[in-house]
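Contents: one structure, followed by commentary.
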Amino acid sequence: MKVTKTHKGEKGKITLKLIDKNGEAVSSAKINVSGFGDFYTSADGDATIEVPQGTYELEITKGGYYDKEIDEVEVKAGKTNSLGTIILEKKPYYAEVIVSNPKVSYVVGSNPTFKFRVENKGYADDTYKLDVSGLPENFYYKFKTSQETSESISEIFIESGDSKDVYLEILTPPNAKIGSYNLTLLVMGHYTVKKNLAINLKGEYRLYFEPLGGRYLIRAEAGKTVEYVTMLRNVGKGAMLTNINISVESPPNWKVDVKPSQIPALEAGDGVLVKISAHIPPDTIPSEYKLKVNIKSDQAEIKEDLKVIVTEKSYSAIIGAIIIIASLAGLVVIFKKFGRR
């Protein structure tokens, strides 16, 4: 006898097809082959498994179906062992929950919203109660059928094979601390599903600066000192501003003083009075000048302009009047002296 071909060392194959009792293909079912690994059925419910020669146990699992085990499946090198069509029995109650945005980031003062879909994959209709656990104190929630509606729901009815979209709105208090919060979504029917959700509350950093009475412009004579009394506020949401520095850019030779020029911290909603005084040099030409105020913190910064109109000194008008009167007087004298000639 002469041997010209051998299958020694080759893998063998296991083939099967999964369907339910209605004859529909069961896709994405996991098939665990003992001591070798996991395989999955195709969209048509088919599976082809290549393994070394030996005897195996198969465990077939799929969400919403009862598990199935097949013992002593023998595989020979180079050969195919067809297990034919296998029926998986569907459970009466089973649901899946798909959350579109399990992690959301929102600014304090607004309400984060989660969107999720509940799919009834059992063969029986079911009613699902909706709940949330793990919320911090003073946080509230409501479930809605759409993002626009204000009406809330506490449960949903879903027929077998159907699904529904639900919105979960978290009502955060205005004084909520910024940070991350973890909570759990509960969808409870004859079959309960839990989903972990996360909220990241962020602060809004905003500075506001304004002179009291809205006096952005002051008139003064050269050589005088002008003073602005201003209000600096933290108008952000839920966030402290730190290391606030106030500086002023002024025209050359102007002396400017800012009190206080540094503020260590300012809580959201709080404000502080800031006095800005500027001494105008005596030789300043009458015109309009700007004091450029720069306010910068670790988190935010703003710039504002204050205006100073430098006017002529008050005695200039008197001198001008004297000059005019003297000129008129001179004209009168000249007219009397030479007018008759």
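The values are calculated or read from the model by the stated rules, or taken from the named source; none is laboratory data. All values derive from a computational prediction rather than experimental measurement. Methodologically, a virtual Cβ is constructed for each residue, glycine included, from the backbone with ideal geometry; neighbour enumeration extends over all protein chains shown.
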Checklist entry - Which residues, counting only those in region 95-137, are touching a Pro at 6+ places or on another chain (Cβ under 7 Å), hydrophobic (A, V, I, L, M, F, W, C) and either over 18 Å from K237 (Cβ atoms) or modelled with pLDDT of 95 or more (or both)? => result A124
Checklist entry - Among the residues of region 273-300, which ones are part of a strand (DSSP E or B), of a type outside the set (F, W, Y) and surrounded by 14 or more Cβ atoms within 10 Å (Cβ to Cβ)? => result V274, I276, S277, A278, H279, L291, V293, I295, K296
Checklist entry - Is it fair to say L83 is farther than 30 Å from G23 by Cα, part of a strand (DSSP E or B) and of a type outside the set (S, T, N, Q)? => result no
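Kindly evaluate G23 against the criterion of being part of a loop (DSSP other than H, G, I, E, B), modelled with pLDDT of 90 or more and over 42 Å from the mean Cα position of the chain (by Cα). Reasoning before the result, please.
Values: part of a loop (DSSP other than H, G, I, E, B): yes; modelled with pLDDT of 90 or more: yes; over 42 Å from the mean Cα position of the chain (by Cα): yes.
Yes: the conditions hold for G23.
Name every residue in region 192-208 that is outside any loop (DSSP other than H, G, I, E, B) and buried (at least 17 other Cβ atoms within 10 Å of the Cβ), in order of residue number. Let's see the steps before the verdict.
Applying the first criterion (outside any loop (DSSP other than H, G, I, E, B)) to region 192-208 yields 192-202, 204, 207-208.
Result: V193, L197, I199, L201, E204, L207.
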Checklist entry - Taking the condition loosely packed, with under 13 Cβ neighbours inside 10 Å and over 30 Å from Y205 (Cβ atoms), does A95 pass? => result no
Item to check | Among the candidates L135, L58, L88, L83, residue that is out of contact with any helix residue (DSSP H, G or I) (no Cβ under 9 Å at 6 or more places or on another chain), farther than 30 Å from I14 by Cα and of a type outside the set (G, A, S) | outcome: L135
Next on the checklist: Going residue by residue through region 143-150, is there one that turns out to be modelled with pLDDT of 95 or more and either surrounded by 15 or more Cβ atoms within 10 Å (Cβ to Cβ) or touching a His at 6+ places or on another chain (Cβ under 7 Å) (or both)?
Outcome noted: yes
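Using the structure shown, decide if L18 is touching a residue at least 40 places away in the same chain (Cβ under 8 Å), within 29 Å of T192 (Cβ to Cβ), outside any loop (DSSP other than H, G, I, E, B) and of a type outside the set (F, W, Y). Please lay out each step first, then the result.
On the way: touching a residue at least 40 places away in the same chain (Cβ under 8 Å): yes; within 29 Å of T192 (Cβ to Cβ): yes; outside any loop (DSSP other than H, G, I, E, B): yes; of a type outside the set (F, W, Y): yes.
So L18 fits the description; yes.
Would you point out the residue of region 209-223, among those that are outside any strand (DSSP E or B) and touching a strand residue (DSSP E or B) at 6+ places or on another chain (Cβ under 8 Å), that is surrounded by the fewest Cβ atoms within 10 Å (Cβ to Cβ)? Full working, then the answer.
Taking region 209-223 as the starting set, the residues that turn out to be outside any strand (DSSP E or B) are 212-216, 222-223.
Now restrict to residues that are touching a strand residue (DSSP E or B) at 6+ places or on another chain (Cβ under 8 Å): 212, 215-216, 222.
Numbers: L212: 10, R215: 13, Y216: 14, A222: 15.
Here the residue is L212.
Out of the strands (runs of 3 or more DSSP E) lying entirely within region 135-181, which hold 1 or more residues that are under 22 Å from the mean Cα position of the chain (by Cα) and farther than 28 Å from D125 by Cβ?
Working: elements: 140-144, 155-158, 163-171.
Hits in region 135-181: 140-144, 163-171.
Any idea which residue in region 35-72 is modelled with the lowest pLDDT, counting only those that are among the polar types (S, T, N, Q) and either surrounded by 15 or more Cβ atoms within 10 Å (Cβ to Cβ) or within 39 Å of the chain's Cα centre (by Cα) (or both)? It would help to see each step written out before you state the result.
Residues of region 35-72 that are among the polar types (S, T, N, Q), as a first pass: 41-42, 48, 53, 55, 61.
Then drop every residue that is not either surrounded by 15 or more Cβ atoms within 10 Å (Cβ to Cβ) or within 39 Å of the chain's Cα centre (by Cα) (or both), which leaves 41-42, 53, 61.
On the way: T41: 95, S42: 94, Q53: 91, T61: 95.
It comes out as Q53.
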Next on the checklist: Considering only residues that are part of a strand (DSSP E or B) and under 15 Å from P174 (Cβ atoms), which ones fall in region 233-248?
Outcome noted: N234, K237
Next on the checklist: Conditions first: (1) outside the structural domain of D270 (by TED's automatic domain parsing); (2) within 26 Å of L241 (Cβ to Cβ); (3) of a type in the set (G, A, S). G214 passes all but one, so which condition is the exception?
Outcome noted: (1)
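Residues being within 23 Å of the chain's Cα centre (by Cα), assigned to a loop (DSSP other than H, G, I, E, B) and not small (G, A, S): count how many of those fall in region 103-134. Steps first, please.
First pass over region 103-134, keeping only residues within 23 Å of the chain's Cα centre (by Cα): 103-117, 132-134.
With the extra rule that they be assigned to a loop (DSSP other than H, G, I, E, B), the set shrinks to 108-112, 134.
Still in the running and not small (G, A, S): 108, 111-112.
Residues that pass the stated criteria total 3.
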Item to check | Top-ranked residue in region 20-32 [being of a type outside the set (G, A, S) and farther than 15 Å from S82 by Cα; ranked as surrounded by the most Cβ atoms within 10 Å (Cβ to Cβ)] | outcome: V26
Checklist entry - With respect to the numbered conditions (1) surrounded by fewer than 17 Cβ atoms within 10 Å (Cβ to Cβ); (2) in the same structural domain as L186 (by TED's automatic domain parsing); (3) hydrophobic (A, V, I, L, M, F, W, C); (4) modelled with pLDDT under 95, which one is the sole condition not fulfilled by L83? => result (2)
